[in-house]
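Here's the structure we're looking at; comments come further down.
We did not get these values from a lab; they are worked out from the coordinates using the rules stated. Keep in mind the model is a prediction, meaning the values are calculated, not measured. Here the Cβ is made from the backbone with ideal geometry for all residues, glycine too, and neighbour counts use every protein chain on show.
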Amino acid sequence: MVAAIFLIAVLPFVYFYDEALAIFSLELFSCVYFFTGYFNKNRKPFVKQKALLAIVLFSWLFTVFRSVFISVSPDSSFSAFIKLFALIMLAFGLSERFESFYNDTVKGIFASSAFAGFIHGAIALLEYIEAPAIPITWLDPSSREVFRTRCAGIFTDPNIFGSFLSVIFIFTLGYVFTAESRKNKNVGALSALLCGFGILTTLSRGAWISLCAGLFVGIIYIIIQKVKDREEIKYSGRLILVLTMFLFLVFLIGPFKYRFISIAKPSDMTFAQRTLINKAFLRHLSDLPIAGHGLHTFNQVYPRYRIVGGDYPMNAHNEFLLSLLETGFLSSFFLFVLCFYIFKSLHSLRKTESIGLPFFIAAYTSFFVQNLSGFSSRILPTAALFSIVYAYAYSSKTKSFGETKKISFISKLAVIVFVIMYLTLSGYIYYIQKQIADSVYLLKNNRIEESIDKLEQVSKISWRNSFVASLLGQLYMINNNHVKAVEMYEYAAELNPSEASFYDSLAVLYAPTDTDKTKQMYELALKLDPASENYRLSYARFLLKHNEKEEAKKVLEKGLEFSPGFHDVYTGFRKIESMLNSL
């Protein structure tokens, strides 16, 4: 119950308050759960069926870990791997709870989800009533007259909010089915109703489709499950039927149906952009490194492959494509095999009276579909939910008899040393991130000297961190210390030659004194990100300032070749058009 409350009800709000703190909290919590789970005297034996799923997981994890060492940005990759390992430790720790306290753990997850569904649904309802302005990249221009707003709750992205609520909605239905009293079932239904409305307000078609897919699979497993108390199941079923029909009526009567129908329009901005993303991958498939560019480096390396500009195509919106680029072909294969074995593990419980199966397999289906058109597995609150689902699947492979072997002294010592090392590393990463955040806060409050002092201290500890070096370069630039700014940006580019923004900043710094060097930096930036409208605009302005009109025209004309259209949204390309027309 403690894990369920923390992961489902508390962690999303910690994440909203401070992402670095949320990640560190998860890492601490995961260590505790892994440690206590490993030394649990009542844990089940490590049988062959369980070993197979673990082997597939660690085969995939090895390919991910390997990518850290060949990464274009090891500092980014390593911190992401530490977070990933926390999620895996959490899953193994939770699996021990499922095995030892199955009913209590499942019901705790469902009850926490019902609480979270009510809270987040209410937040979405209030946000929908207040109707804050929709950011221009969140919606197709043709839909702006139809929709008043698009809700993201405490999240920064409505698609992630929708993905989170979809799984919470499924688990809340689990609460309606498993609650012992009809009063609690009714409360659960109210929570599901609010949560369902919240999903509608996100306008996330991916969340809607993944939820429907999950519910469809869940219904199939409810039908084939052997349930003793048919009368209570019928009552729960009637409740859920009423609330789903009500939500469907809201969908039909309200404007939401137009958002769903727009998915079939080839001119729809989202559809067009994702098509272009996939085309870019297909065009450059042979250019991708076999072992990938490194975990958590997508936004740094994808620009060299993309075929359109704008900010939206900076995300692959497909976990398998993300993995292909970051961790390589073999890693993507193991990820697919892992997904298959998770489903197989869940499916193996179909002939039992497992009260949670229909809802966990529905949640897993929803996650799988989400990540074919999104990246919810990368974001902490939803990633934590996926760890819960994996823990359930992993524990399902140990429904066998046998005595637990006594843990050897060497094994105990190894686990203790590992946990201490892990906590040290995660603490170090959190400290660096906290100091960076404090430095940014000081900068926002115009306390530049203090911000520089703090970041200089960080750079002494984390001297191989390209982000720290570039941020320090930015601070020196603001403080008019161009010599040190150049030094820091050059060092950042040396650490991570794949980051185009470093060369763009160097071009700005070289512009007053060295024309040739400035051109060289802009060319390097455009080589790494040829579709960037901002780099092209800056370069063209520099060329025009030096009376190189024809060269500027070439730069701008090439830039328009990368236009995704929708210039009312992607205003950088509209500026390119205007500049060209004025020449």
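Hey, got a sec? Which trypsin sites (Lys or Arg not before Pro) in segment 33-135 land in a DSSP loop and have at most 10 other Cβ atoms within 10 Å?
Those satisfying the criteria are Lys41.
By per-residue mean of other Cβ atoms within 10 Å, what is the highest-first order of 19-30, 276-287?
19-30, 276-287
Which order do the peptides 2-13, 189-200 take when ranked by the mean count of other beta-carbon atoms within 10 Å per residue, highest first?
Output ranking for 2-13, 189-200: 189-200, 2-13.
So how do Lys484, Lys183 line up by other beta-carbon neighbours within 10 Å, fewest first?
Placing the least packed residue first, the sequence is Lys183, Lys484.
Need one number: nm distance between label points at Glu450 and Val10, each 7 Å from Cα along Cα→Cβ, rounded to one decimal.
For Glu450 paired with Val10, the spin-label model returns 3.1 nm.
As an exercise, use a Förster radius of 56 Å and the Cβ-Cβ distance of Ala131 and Ser411 to find the FRET efficiency, rounded to the nearest 0.05.
0.45
By per-residue mean of other Cβ atoms within 10 Å, what is the highest-first order of 253-259, 529-535?
Highest-to-lowest ranking by the protection proxy: 529-535, 253-259.
How far is it, in nm, from the label point at Thr424 to the one at Glu487 when both lie 7 Å from their Cα along the line to the Cβ?
Result for the modelled spin labels: 3.2 nm.
Take every Cα pair under 8 Å in segment 455-583 that's 6+ residues apart, average their separations, divide by the length, and report that relative contact order as a whole percent.
It comes to 14 percent, rounded to a whole number.
Can you give the calculated 222 nm mean residue ellipticity of the chain, where each DSSP H run of n ≥ 4 adds -39,500 (n - 2.57) and the sum is split over every residue, rounded to the nearest 500 deg cm²/dmol?
-23500 deg cm²/dmol
Under a Cβ-Cβ cut-off of 13 Å, what is the net charge of the residues other than Asn496 that fall near it, where Lys and Arg count +1 and Asp and Glu count -1?
Neighbourhood net charge equals -3.
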